[in-house]
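Working notes, structure below.
The values are calculated or read from the model by the stated rules, or taken from the named source; none is laboratory data. These numbers were taken from a predicted model, which means no experiment stands behind them. To get the accessible areas, we keep the full protein, side chains included, count just its heavy atoms, and leave off ligands, DNA and RNA. Shrake-Rupley method; radii C 1.70, N 1.55, O 1.52, S 1.80 Å.
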Amino acid sequence: MIDHSAAVPAKSSATDLELTLSQIQGIYASCVVLDKNYDVGEIHVVSSEARKPKQIVRDIETLLFVKHRVRVDYRKISLVQLPDAKLMRIPVARPEIRQVKEEVIGDEKRVQVEIQGASRIAVGEANERIDNPTTYRTAARATIIAIEKLLSNTIDVRLENAETFRLGAREILIVILTSLIENREETFVGAGFVGARPIESAARATLDALNRRIYNLNLQAPREDEPFD
């Protein structure tokens, strides 16, 4: 006897649906609210004024059905359109690290850091020579690149230093970053305990430094008119 229930696909999470919506032209941010049965109850979207509301709503309905087999009544979609100048002033949601990976390619080691924020995902990567490893710095550089992509290259952050020191039985990592904001240089410091995966510890310490000022960076830095990559 065939168990037809096994063929029923698992329902997509709100995060999965939001990531799909972020691929639609003109959508800047979205929030999907699921009901108690994990069906779509509400969809809230912020978009630019470049496209007509009906076009965006139609794209939402089509893409969610094609990719997730989710049918959405247009009456559940709440859409707010803002001029580009105002969209610039919506701070990106607090970014979070999804994963940190490293791989050996020839005589180099590559570190990749994947960060999610405001329904977007950005990946930064940096390389180091195997015979001259600077793992903390490499992971920090990859994290900075991911954040810059997440903010559409509206900020320019430089790594000053990434070093560890011992405090009793604990090994602590300190990351120091600088950025030019309104013609003045600002310094950010992030810290964290070194765990089983040093590169992840370095990525988290770097993000810790940037998260403290990510709101101000997003408001104050000049924004270039270019697509998110």
Check: What whole-number value in Å² describes the accessible area per residue of the stretch 25-86 for a 1.4 Å probe?
Finding: 66
Note to self: For the stretch 92-212, what are Rg and Dmax over the alpha carbons, in angstrom?
What the structure shows: 14.0, 42
Check: Non-local amide H neighbours of E160 (under 5 Å, H modeled in plane, Pro and chain starts lacking H): which ones?
Finding: I176, L177, T178
Checklist line | Linear extension gain, R94 paired with E42, 0.36 nm per residue minus alpha-carbon span | finding: 16.5 nm
Notebook entry, point to check: What is the total of Lys pairs in the stretch 9-78 with C-alpha atoms under 23 Å apart, excluding same-chain pairs fewer than 8 positions apart?
Noted result: 10
Note to self: Using protein chains only and a probe of 1.4 angstrom, how many square angstrom of F165 are accessible, to the nearest 10?
What the structure shows: 100
Checklist line | 17 Å Cα-Cα reach of K109 towards lysines, excluding residues that sit fewer than 8 places from it in its own chain | finding: K101
